[in-house]
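Student: Have a look at the structure that comes next, please.
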Amino acid sequence: MQLANLDYIIIILFLIITLVIGIYASRQAGKSTKDYFLSGNNMPWWMLGISMVATTFSADTPNLVTDIVRENGVAGNWAWWAFLLTGMLTVFIYSRLWRRAGIVTDLEFYELRYSGGEASFLRGFRAIYLGVFFNVVIMATVMLAGIKIGSVMLGLSGIQTVLLVSIVTVFYASIGGLRGVILTDFFQFILSMIGMIIASIFIVKMPEIGSLNALFTHENVAEKIDFLPDMDNKSLWIELLIIPLAVQWWSTWYPGSEPGGGGYVAQRMLSTKDESGAVKATLLFNIAHYALRPWPWILIALASLIVFPDLDSLAAAFPQINENIIGNDLAFPAMLSLLPAGLKGLLLASLIAALMSTISTHLNWGASYVVNDMYGRFIKPDATEKEKVMYGKISTIILMIFAGYLAIRLQTAKQSFDLLLQIGAGTGLIFILRWFWWRINAYSEIVAMIVSFVIAIVFSIFDAEGIEIATHVKLVSGVLITTLAWIITTYITPATNTETLKSFYLKIKPKGSGWEKVKISLNESELNELESNNDPSLSNQIIMMLLGTVLVYAALFGTGSLLYGNYGNMILFFVILIVSVLGLFKLNRQ
């Protein structure tokens, strides 16, 4: 595919602006690890919220959504829409608790909540497990999307794409720290949203499609547009809706949708000025993530069913592409290749922006684990702030090298999505309960992490041997086995020592009855300190979480109904949205 000079000018201008922002941010980033990894706790909440959205607006996400829609229709998106429940739980319950912890990374939580050598081991192990291995897989998945986009739209090889993106991203992520990441995220998100909206409008108006009505009534598309799976197909209903809503959202660990918060979402909450900022930032993130962004991707995915109805048509249209990476997710960059000059450059710039925003966040997040929770905690505890910032920059470069190597060996976005879900299956409930039940200990988390990983490996071996097991069956099996293992472990291993539990309880002030055993050991002054906590009751927080969930789903499906031309449903959904907003305001005032 040939690009016009205008396209190259737009892309080069984007790269220059990105580098300038990184250089600007570097003036503050090198002072301390708090500046480098938490942007000095002085970034506005709305910018942190948009940074979270930009990170999840990665180049692989539209590819993944396209893969899902082509396979299972719009209803297939419940595989990730269900995580809204997790997000709202974080907004109304966990965001305050994380910000109250006052730590640099979420891994410091382990030595705040647990005691003994097992707590230190867990912190160090997860620094490598999440910050390096798991993080590299995530970045490689994102980079895989970049490789597919580069091969379709620029004719680049996988290695060329990896080198091009890596050099620029590593430069501004390493010199600017989190401040540089957040500032570039803001710019990149605006560009990405504008590009996707314009692209979806142009594609729908292409002669092959004509209009929204022609798109939705086309024989290849008409059966793919329902919000819910076909109720007559029991297995599809269970796999696409029941499992995500009943099991997946609370039981699995997935980056950006961690039960109880965590990862780069926790990093952003810890970076806010106060608890109120943490709540607002995560609320903005969830509204934008689930209600604002999906429809341009969905429209392009549905349109691809008309232009490229099957994989053979994709292979025929792009014979130069390695057959190993031809999948339904390739249809997204294939559709963008049909855009005119200028718009093509804008879309390429927006996709590069989405790719870089995700990778830069994961580089900074992973480096924070390596430096703060491994190097500074176990290797050289007396390291100076300057040394730790230097090792943060070195870690950023090394993580990018590993991710680029792995990206060249992956095949499809859905493959990676399923693998990440399976590895985290069964661990989610621990991350929810550990704040509210004193009995959970470090051994609980260690066993859950090991068992879920082993199960994922076993199922991978089954796949390699040709033993077919449905994805939802593997997920539920992993959840049940892992949950049973860590619950048994919790009861047969020693509890966290009382002083650590008391310290955690007084610092975090969690609601609920799961800390009664600790509460009865407190003296009068400590009990008075607890009374100073004016958080809403746990029951009110759960009600707010449910109202927030209804609000976002109403916005999502109300927008979809508007696009479908179903104005009766649109009005119904927007009435539900307004009622939910009023309910939240009322509970918040109380």
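Student: Output ³J(HN,Hα) for the range 210-215: one whole-Hz value per residue in order, computed from phi by the Karplus curve 6.51 cos²θ - 1.76 cosθ + 1.60 with θ = phi - 60°, and x for Gly and Pro.
Tutor: Going residue by residue, I get x, 6, 4, 4, 5, 5 Hz, with x marking Gly and Pro.
Student: Next question. Name the GluC sites (Glu not before Pro) in the range 431-475 that are in a loop by DSSP and that have at most 11 other C-beta atoms within 10 Å, would you?
Tutor: Hits after loop and neighbour filter: E465, E468.
Student: Quick check: convex hull over the Cα atoms of the range 272-391, volume per residue in Å³, rounded to an integer?
Tutor: In the range 272-391, the Cα convex hull volume per residue is 194 Å³.
Student: Return the equivalent ellipsoid semi-axes of the range 244-323 as a descending list in whole Å, where each equals the square root of 5 times an eigenvalue of the C-alpha gyration tensor.
Tutor: Values: eigenvalues 278, 47, 38 Å².
They are 37, 15, 14 Å, listed from largest to smallest.
Student: Additional query: List the pairs from K148/K280; K205/K280; K474/K502; K388/K519; K280/K511 whose alpha-carbon separation is above 28 Å, in the order I gave them.
Tutor: Beyond 28 Å: K148/K280; K205/K280; K474/K502; K388/K519.
Student: Please work out the C-alpha center-to-center distance from the range 489-563 to the range 124-144 and express it in whole Å.
Tutor: 29 Å
Student: Can you give the relative contact order of the chain as a percent, counting alpha carbon pairs under 8 Å and 6+ residues apart?
Tutor: Here the relative contact order equals 27 percent.
Student: Just in the range 441-528: which trypsin sites (Lys or Arg not before Pro) are loop by DSSP and have at most 11 other Cβ atoms within 10 Å?
Tutor: Passing sites in the range 441-528 do not exist.
Student: Using a 1.4 Å probe on the protein chains only, how many percent of the accessible area of the range 513-590 belongs to carbon and sulfur? Please list the in-between numbers first.
Tutor: Working: 2830 of 4500 Å².
That share works out to 63 percent.
Student: Could you give the accessible area per residue of the chain, probe 1.4 Å, as a whole number in Å²? It would help to have the intermediate numbers written out before the result.
Tutor: Values: 22620 Å² over 590 residues.
The answer is 38 Å² per residue.
Student: Dividing the convex hull volume of the Cα atoms of the range 485-536 by its residue count, what figure in Å³ per residue is obtained? It would help to have the intermediate numbers written out before the result.
Tutor: Numbers: hull volume 4.9 nm³, N = 52.
About 94 Å³ per residue, rounded to a whole number.
Student: Largest first, please: the extent of the C-alpha atoms of the chain along each principal axis, to the nearest Å.
Tutor: The Cα atoms of the chain stretch 75, 54, 53 Å along their principal axes.
Student: Counting only protein heavy atoms, what percent of the accessible surface of the range 340-499 is carbon or sulfur at a 1.4 Å probe? Intermediate results must be reported in sequence, preceding the final value.
Tutor: Numbers: 4520 of 6480 Å².
Whole-percent figure for carbon plus sulfur exposure: 70.
Student: Magnitude of the Cβ-charge dipole of the range 441-534, K/R +1 and D/E -1, about the Cα centre, nearest 20 debye?
Tutor: 160 debye
Student: Checking the a/c ratio against 1.5 first, then a/b against b/c, what shape does the Cα gyration tensor give for the range 438-590?
Tutor: Oblate.
Student: Taking θ as phi - 60°, what are the ³J(HN,Hα) couplings along the range 136-150 by the Karplus curve (6.51, -1.76, 1.60), each to the nearest whole Hz, with x for Gly and Pro?
Tutor: Values, residue by residue: 5, 4, 4, 5, 5, 4, 5, 5, 4, 4, x, 5, 5, 5, x Hz.
Student: Sticking with this structure for a sec: So, by mean Cβ neighbours within 10 angstrom, what's the order for 318-330, 576-588 with the highest one leading?
Tutor: Listed from highest to lowest mean packing, they are 318-330, 576-588.
The values are calculated or read from the model by the stated rules, or taken from the named source; none is laboratory data. From a predicted model like this one, the values you see are computed outputs, not experimental measurements. So basically every Cβ, Gly included, is an ideal-geometry build from the backbone, and we count neighbours across all protein chains shown. Heavy atoms of the whole protein, side chains included, go into the accessibility calculation; ligands, DNA and RNA do not. Shrake-Rupley method; radii C 1.70, N 1.55, O 1.52, S 1.80 Å.
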